[in-house]
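Written out below as structure tokens is the structure these notes cover.
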Amino acid sequence: MKSSKKRLIDIARELKVSTTTVSRALNGNPKVGEATRKAIVDLAKEWDYRPNIHALSLKKKETHALGLIIPEFTHYFFSLVMNGIEDIANKAGYHLMICTSKELYEKEKKATQMLSDSMVDGFLIAPAIESEDFAHFHRLKDDGYPIVFFDRNCEDLECPYVITDDFDGANQAVNYLISSGCKNILHLKGPESLHPTFTRFMGYRNAHKKNGLEIKEANVLKWQNTEQERKNQIKEILKNNNSIDGIFAYNDYVAYEAVEVCLEMGIKMPDQLSIMGYADEPVASYITPKLSTVKQPAFEMGKHAAELLLELLRKSPVDEDALHPIIEEKEVKSEMIKTSLVLRETTRKV
């Protein structure tokens with residue numbers, strides 16, 4: 001849903017006066033006649049107009065701050081992305097203002113408001129799992145903020161984004177499992193609200209199709225919100241179906257939970273069952289047996305996202321009358337970074 005936020009230029013057009021007159025009236029300048037001033041102030045109140053502070057700050061070029069919203073610091077992946085962003089931002093003379101959403105919609109919404117009130121020049125965002133209403137992002141865009149999404153694209157907005165090729169990564173991972181002899185592969189899905197969940201499932205599906213294998217509906221496990229629920233779900237299907245010989249997990253943390261279940265149940269990896277994770281988090285190489293996974297170049301993702309945002313900031317002139325930056329639709333672009341397999345001890349050799 002797009003925002004219908006009114007701008008200073010809209011008031012000027014409605015009352016058939018200049019934007020300068022509107023600006024003066026709203027700032028109490030005595031040069032504006034009383035009747036005109038009253039008409040402007042009344043319409044501004046009716047339309048709930050508020051000045052675009054961000055556009056004014058762009059004119060003055062005073063902030064040199066970028067707003068970064070990530071789900072959490074605890075995942076090594078997001079820490080690496082942040083380092084990549086910071087590397088590019090610092091070289092360009094910008095500093096970061098960082099907020100975490102904790103995967104919560106309300107927290108993410110408050111973060112966008114806080115950072116816009118702080119007059120950052122633009123936003124880098126990985127949307128929260130809980131976010132299904134994107135009005136807060138539309139509001140940022142309507143206020144003139146350049147936005148670049150990373151890792152998780154927001155299809156509700158026409159904004160640049162940087163993601164990894166999750167379809168190809170998942171396709172490679174599952175194809176490898178099949179090539180190593182797996183014929184009955186579980187897929188542990190991620191949260192349905194996230195775009196990578198869909199693309200990784202499509203890669204899982206494509207690998208089956210390419211190898212002439214049918215996907216069993218019971219082998220695709222939907223996301224559960226807690227670790228214990230996910231473990232119980234895995235345990236239940238492995239208990240009732242001893243023909244499961246492979247697992248492809250949405251990420252390394254879920255794969256690690258599957259490894260723990262297998263160890264608890266006495267299932268030998270990879271002889272009886274192979275497991276493949278996603279992201280190549282440190283946990284993948286710390287556990288025993290070491291986890292095979294798909295490597296996402298997180299640092300490079302952060303660098304590319306920061307470069308895209310800085311490019312947008314260089315190309316975003318301010319409309320002097322409307323006090324509103326102009327982001328041309330033709331400038332909307334995306335980047336997809338290649339992934340690679342990292343083979344360790346939870347998969348058999350081909």
Worksheet item: Among (1) in a loop (DSSP other than H, G, I, E, B); (2) over 14 Å from the mean Cα position of the chain (by Cα); (3) not aromatic (Phe, Trp, Tyr), where does residue 130 come up short?
Response: (2)
Worksheet item: Condition test on residue 345, is it at pLDDT 50 or above, farther than 29 Å from residue 200 by Cα and surrounded by fewer than 19 Cβ atoms within 10 Å (Cβ to Cβ)?
Response: no
Item to complete: Could you please let me know if residue 91 is surrounded by fewer than 18 Cβ atoms within 10 Å (Cβ to Cβ), modelled with pLDDT of 95 or more and not assigned by TED's automatic domain parsing to the domain that holds residue 224?
Response: yes
Discussion item. Just the residues that are of a type in the set (Ser, Thr, Tyr) and either surrounded by fewer than 19 Cβ atoms within 10 Å (Cβ to Cβ) or modelled with pLDDT under 95 (or both), please, taken from the stretch 215-252.
Written reply: 226, 243
Worksheet item: Is one or more of the residues making up the stretch 287-309 of a type in the set (A, V, I, L, M, F, W, C), modelled with pLDDT of 95 or more and surrounded by fewer than 18 Cβ atoms within 10 Å (Cβ to Cβ)?
Response: yes
Item to complete: Filter the stretch 270-285 down to residues that are in contact with a strand residue (DSSP E or B) (Cβ under 9 Å, 6 or more places away or on another chain) and in a helix (DSSP H, G or I) and give me whichever is surrounded by the most Cβ atoms within 10 Å (Cβ to Cβ).
Response: 284
Worksheet item: For residue 23, which of the numbered conditions (1) modelled with pLDDT of 85 or more; (2) crowded, with 16+ Cβ neighbours inside 10 Å fails to hold?
Response: (1)
Worksheet entry | Flag if residue 288 is more than 19 Å from the chain's Cα centre (by Cα) and not in a loop (DSSP other than H, G, I, E, B) | no
Practice prompt. Determine whether residue 137 is surrounded by 19 or more Cβ atoms within 10 Å (Cβ to Cβ) and touching a residue at least 60 places away in the same chain (Cβ under 8 Å).
Written response: no
Practice prompt. Kindly indicate whether residue 101 is touching a strand residue (DSSP E or B) at 6+ places or on another chain (Cβ under 7 Å) and under 23 Å from residue 80 (Cα atoms).
Written response: yes
Worksheet item: Across the stretch 179-195, what is the number of residues that are buried (at least 18 other Cβ atoms within 10 Å of the Cβ) and at pLDDT below 95?
Response: 2
Worksheet, complete the sentence: In the set 106, 86, the lone residue that is assigned to a helix (DSSP H, G or I), surrounded by fewer than 16 Cβ atoms within 10 Å (Cβ to Cβ) and modelled with pLDDT of 90 or more is 106
Discussion item. Restricting to the stretch 172-213, count the residues that are part of a loop (DSSP other than H, G, I, E, B), of a type in the set (D, E, K, R) and farther than 25 Å from residue 126 by Cβ.
Written reply: 1
Discussion item. Tally up the residues in the stretch 241-269 that are in a loop (DSSP other than H, G, I, E, B), out of contact with any strand residue (DSSP E or B) (no Cβ under 8 Å at 6 or more places or on another chain) and not charged (D, E, K, R), please.
Written reply: 5
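The values are calculated or read from the model by the stated rules, or taken from the named source; none is laboratory data. Since the structure is predicted, the reported quantities are computational estimates derived from the model, not experimental observations. Note: ideal-geometry Cβ built from the backbone for every residue, glycine included; neighbour counts use all protein chains shown.
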